[in-house]
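Engineer: One structure, as structure tokens, below. Some questions next.
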Amino acid sequence: MLFLVAAIAEEEPWNNPNPATLPGCLDKCGNISIPYPFGMEPGCFLPGFHVTCNYSFEPPRLFLAFGDTGKFNRHLVVNVSCPSGGGTDCGEVGKRQPLPVELLDISLTRAEARAYGMIRSNCYTGTARIRTAQVTNLIDPFMLTPIRNALVGVGRSIMVNMVECSTETTSGTMLRCLSDTMFNPETARNGLCSGMGCCQSIVRPALRDFQNFGVVFREVENNMPNCSYGMVVETSWYNFTTEDMSGYDVLPKKFPRGVPLVLDFAIRSGSCPLEGEPVPPDYACRSDKSTCAKANNGPGYICKCLEYYHGNPYIPNGCKDIDECALRNEYPELQNNYTCASGGICKNRNEGYDCPCKFGMKGDGKTGTCTEIFSPPAKVAVDDFGLRCQTNRPPQRLRHC
């Protein structure tokens with residue numbers, strides 16, 4: 001049983017010190033940051049990381065590069081209308097409509113991009129069945145992220161399958177889930193995706209790479225006007241309500257741009273050099289404070305800033321020292337990450353920070369053990385002595401205090 005709640009996590013601002021991209025390259029599309037290796041202009045991106053900004057929207061929207069010829073990241077949508085007497089399967093005979101993949105955000109820290117995915121639907125109006133089928137085709141460097149995504153089905157009695165799809169063919173089932181209200185919609189409960197009205201199955205790591213996938217249905221025929229839906233969506237994002245099972249095209253109307261899904265990216269054409277080996281000319285980890293790590297999913301490698309540094313490891317001097325003390329002040333939610341008790345003074349340094357106790361105290365500010373050196377009566381005496389030294393002695397004799 002899983003409670004599905006909306007939890008859209010954007011890249012933390014403290015992980016994005018400038019610069020985010022190469023000099024002379026645009027680093028924003030509307031309110032979305034475009035860190036290198038992503039980029040829009042020639043010379044501003046690595047192969048496969050080309051993005052475009054559509055300024056006809058307000059605010060502008062960011063998309064993975066898309067074209068009419070060659071291979072591109074895309075969604076393929078097919079709309080089909082079948083007469084009511086056509087049964088549950090009248091064939092996918094509609095016109096195919098390729099659509100670009102829209103991005104919500106990019107995280108270099110997690111090596112992930114969040115994108116909008118499509119919703120598959122099958123609606124019965126009483127006189128016809130109207131279906132919207134969808135397939136997502138990804139190319140390197142992108143892959144669907146295991147664990148971070150789930151297959152979700154919504155309907156009164158429906159088996160939802162996530163299948164491997166190329167442009168023209170559908171092959172093996174990757175994942176499935178069953179939603180069945182036993183012809184009693186009242187068994188469904190808001191917020192629950194437990195198999196009654198809503199089902200879900202987490203995308204698990206597998207030997208295959210998730211780049212081409214779609215959603216197909218098996219459902220029980222009934223004469224009640226309603227819709228069934230299937231989608232691959234970011235885990236824990238969708239919040240089921242019983243209203244989603246009623247009415248026509250409810251989910252596509254609720255989420256007109258689609259639902260978020262999470263994509264891995266990596267430098268697919270290479271691997272981390274062994275210790276002592278010279279780095280190849282096309283090595284992507286350019287900052288002197290960066291390191292190389294195996295890709296989270298599939299072949300290749302990703303670049304990360306060293307511990308105590310943050311920023312962009314893909315550009316020269318892109319990884320900057322973390323000023324833990326400044327972060328504590330600017331983002332109070334980080335004070336548990338970088339502890340410095342009230343009795344200490346936070347002092348930044350390269351590759352870390354210190355928190356010595358204030359004058360007159362001993363211990364460690366990081367562990368919260370700063371205590372007064374003097375007992376309360378002695379502290380009063382010391383303070384009184386210091387005060388008299390400053391007020392009662394002539395200036396030439398202050399050095400004796």
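Engineer: How many of the residues in region 43-60 are open to solvent by 30 Å² or more (accessible area, probe 1.4 Å) and closer than 16 Å to ASP27 by Cβ?
Structural biologist: Within region 43-60, the first condition is being open to solvent by 30 Å² or more (accessible area, probe 1.4 Å), and the residues that meet it are 43, 45-48, 50, 52, 54-59.
Of the ones still in play, those that are also closer than 16 Å to ASP27 by Cβ are 43, 45-46, 50, 52, 55, 59.
Number of matching residues: 7.
Engineer: Let me ask another. Looking at region 346-353, is at least one residue touching a helix residue (DSSP H, G or I) at 6+ places or on another chain (Cβ under 9 Å), on the phi > 0 side of the Ramachandran plot and not assigned by the TED database to the domain that holds PRO146?
Structural biologist: Yes, some residue in region 346-353 is touching a helix residue (DSSP H, G or I) at 6+ places or on another chain (Cβ under 9 Å), on the phi > 0 side of the Ramachandran plot and not assigned by the TED database to the domain that holds PRO146.
Engineer: Separate question: Go through region 302-375 and tell me which strands (runs of 3 or more DSSP E), entirely inside it, have 1 or more residues that are surrounded by 19 or more Cβ atoms within 10 Å (Cβ to Cβ) and under 31 Å from the mean Cα position of the chain (by Cα). First the steps, then the outcome.
Structural biologist: On the way: elements: 309-311, 319-321, 347-349, 352-354.
Qualifying strands (runs of 3 or more DSSP E): 309-311, 319-321, 352-354.
Engineer: Hey, could you check region 285-296 for residues that are part of a loop (DSSP other than H, G, I, E, B), surrounded by fewer than 22 Cβ atoms within 10 Å (Cβ to Cβ) and under 22 Å from the mean Cα position of the chain (by Cα) and say which is modelled with the lowest pLDDT? Talk me through it step by step, then tell me what you get.
Structural biologist: Within region 285-296, the first condition is being part of a loop (DSSP other than H, G, I, E, B), and the residues that meet it are 285-289, 295-296.
From what is left, the residues that are surrounded by fewer than 22 Cβ atoms within 10 Å (Cβ to Cβ) are 286-289, 295-296.
Applying the additional criterion that residues be under 22 Å from the mean Cα position of the chain (by Cα) yields 295-296.
Numbers: ALA295: 96, ASN296: 93.
Here the residue is ASN296.
The values are calculated or read from the model by the stated rules, or taken from the named source; none is laboratory data. Keep in mind that this is a model prediction, so the values were computed, not measured. Glycine gets a Cβ as well: all are built from the backbone with ideal geometry, and neighbour counts include every protein chain shown. Remember, those area values only see protein heavy atoms, side chains included, never the ligands or the DNA or RNA. Shrake-Rupley method; radii C 1.70, N 1.55, O 1.52, S 1.80 Å.
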